[in-house]
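*Asks:* Before anything else, here's the structure in question.
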Ligand SMILES: [Zn+2]
């Protein structure tokens, strides 16, 4: 069994900085992402823009950068999507190579593949709901994840990811399906074993934070604790407040890595595909400070965050380590 690349990097840095939103950055550079596949087609249409966003996130201090693969839905014999997934992984690896050769000053960077929930490819942003797990059969969800995982690990060669980052997963049931798919691949005994992180989308009702489907945070942590495959568990694309609440519940219950990358607090309308801005949001430096204090091992940003937010997280991480040796 090989040593986890995440553990090696964490031993050096103690806390890690994950990157921020890809789509938000592409939009702020003037690209329209008004397609069903969101930012994913950009790897074909505007590869240099995708590369530039990766470069920016490395330049502001990201230890982990995430490939532009979120909205990929790899159907059987779907050569076009295969090629786009390959392109996304190639772009991010070449960006890392360029950064490490010219700019990194010896800083190491890991590459994650963004792995959405099944619901992210359904109409109406169902990764923030999750009830589809009661309507879609397990085999369909399992096949969706299986095809993507196998393609990334078996067909991308040197461009394979260091980390499989399952993100915005709305239900414990889908996390269990993903874990079953990974178990069948027998990753533990493979030398090219990636690190696996599973991050849930969460909501709050009457003061209680659950996954968007309604699972208790405690149950998600028990699931991760029992897994031989999952190295880390966490929350993303939820508000900074909900993410922090979930993390405070989770930290005493697990020694697994805790990952947290909230959105900037703006609220998404999945039907109209629009965001409404919330003025009450703290700076990302303050958000990161609270999350590191609460025991997060990896902190980054999800939707509506930008390189400046990630730079604030990076500076907070460095201050945190200097103050708490
Ligand atoms: Zn998000």
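The values are calculated or read from the model by the stated rules, or taken from the named source; none is laboratory data. Treat the numbers as computed from the prediction; the structure is a model and nothing was measured. Neighbour counts run over all protein chains shown; Cβ positions are idealised from the backbone, glycine included.
Matching residues to (1) at pLDDT below 95; (2) farther than 19 Å from residue 16 by Cα; (3) buried (at least 24 other Cβ atoms within 10 Å of the Cβ); (4) under 18 Å from the mean Cα position of the chain (by Cα):
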{"position": "219", "(1), (2), (3), (4)": "no, yes, no, no"}
{"position": "227", "(1), (2), (3), (4)": "no, yes, no, no"}
{"position": "237", "(1), (2), (3), (4)": "yes, no, yes, yes"}
{"position": "245", "(1), (2), (3), (4)": "no, yes, no, no"}
{"position": "248", "(1), (2), (3), (4)": "no, no, no, no"}
{"position": "254", "(1), (2), (3), (4)": "no, no, no, no"}
{"position": "259", "(1), (2), (3), (4)": "no, no, yes, yes"}
{"position": "265", "(1), (2), (3), (4)": "yes, yes, no, yes"}
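*Asks:* Considering each of 258, 253 in turn, give the residue that is touching a strand residue (DSSP E or B) at 6+ places or on another chain (Cβ under 9 Å) and either within 23 Å of residue 309 (Cβ to Cβ) or more than 12 Å from the ligand (Cβ to nearest atom) (or both).
*Replies:* Only one candidate passes the filter, namely 258.
*Asks:* Which condition number does residue 288 fail, the rest of (1) surrounded by fewer than 24 Cβ atoms within 10 Å (Cβ to Cβ); (2) touching a helix residue (DSSP H, G or I) at 6+ places or on another chain (Cβ under 7 Å); (3) modelled with pLDDT of 95 or more being met?
*Replies:* All conditions are met except number (1).
*Asks:* How many residues, within the stretch 294-315, are closer than 13 Å to residue 259 by Cα and more than 15 Å from the ligand (Cβ to nearest atom)?
*Replies:* 5
*Asks:* Okay, moving on. Give 321, 291 a once-over and let me know the one that is under 17 Å from residue 62 (Cα atoms) and within 16 Å of the ligand (Cβ to nearest atom).
*Replies:* Just a single option satisfies the conditions, and that option is 291.
*Asks:* With respect to residue 153, determine if the residue is free of Cβ contacts under 8 Å to residues at least 60 places away in the same chain and part of a helix (DSSP H, G or I).
*Replies:* yes
*Asks:* Shifting gears a bit: With the condition kept exactly as written, say whether any residue in the stretch 177-191 is closer than 28 Å to residue 19 by Cβ and within 16 Å of the ligand (Cβ to nearest atom). Even if it seems obvious, please write down each step before you answer.
*Replies:* If we filter the stretch 177-191 for residues that are closer than 28 Å to residue 19 by Cβ, which is where we start, we get 177-179, 181-182, 185, 187-188, 190-191.
Right, trim to within 16 Å of the ligand (Cβ to nearest atom) and you get none.
So far as the stretch 177-191 goes, no, none of its residues is closer than 28 Å to residue 19 by Cβ and within 16 Å of the ligand (Cβ to nearest atom).
Condition check ((1) modelled with pLDDT of 90 or more; (2) part of a loop (DSSP other than H, G, I, E, B); (3) surrounded by 15 or more Cβ atoms within 10 Å (Cβ to Cβ); (4) in contact with a helix residue (DSSP H, G or I) (Cβ under 7 Å, 6 or more places away or on another chain)) across all residues:
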position: 93; (1), (2), (3), (4): yes, no, yes, yes
position: 97; (1), (2), (3), (4): yes, no, no, no
position: 144; (1), (2), (3), (4): yes, no, yes, yes
position: 167; (1), (2), (3), (4): yes, no, yes, no
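*Asks:* Against the condition touching a helix residue (DSSP H, G or I) at 6+ places or on another chain (Cβ under 6 Å) and within 14 Å of residue 200 (Cβ to Cβ), how does residue 178 come out, does it pass?
*Replies:* For residue 178, the condition - touching a helix residue (DSSP H, G or I) at 6+ places or on another chain (Cβ under 6 Å) and within 14 Å of residue 200 (Cβ to Cβ) - is met.
*Asks:* While we're looking at this one, here's another question. For the stretch 226-237, give me each residue that is without any contact (Cβ under 8 Å) to a residue 40 or more places away in the chain and within 16 Å of the ligand (Cβ to nearest atom). So that I can check it myself, show each step before the final result.
*Replies:* Our first condition is that a residue be without any contact (Cβ under 8 Å) to a residue 40 or more places away in the chain; within the stretch 226-237, this holds for 226, 233, 235.
Matches in the stretch 226-237: 235 only.
*Asks:* Still on this model: Please verify whether the stretch 188-202 includes one or more residues that are within 19 Å of the chain's Cα centre (by Cα), free of Cβ contacts under 8 Å to residues at least 12 places away in the same chain and under 21 Å from residue 261 (Cα atoms).
*Replies:* Within the stretch 188-202, none of the residues are within 19 Å of the chain's Cα centre (by Cα), free of Cβ contacts under 8 Å to residues at least 12 places away in the same chain and under 21 Å from residue 261 (Cα atoms).
*Asks:* Tell me, which residue of the stretch 1-44 that is within 14 Å of the ligand (Cβ to nearest atom) and outside any helix (DSSP H, G or I) is surrounded by the most Cβ atoms within 10 Å (Cβ to Cβ)?
*Replies:* For the stretch 1-44, the residue satisfying everything is 20.
*Asks:* State which residue pairs qualify: first residue farther than 15 Å from residue 202 by Cβ and inside the stretch 247-258, second residue in a helix (DSSP H, G or I) and modelled with pLDDT under 95 in any location, beta carbons under 8 Å apart, and separation of 6 or more residues or different chains.
*Replies:* From the stretch 247-258, the pairs are 257/6; 257/10.
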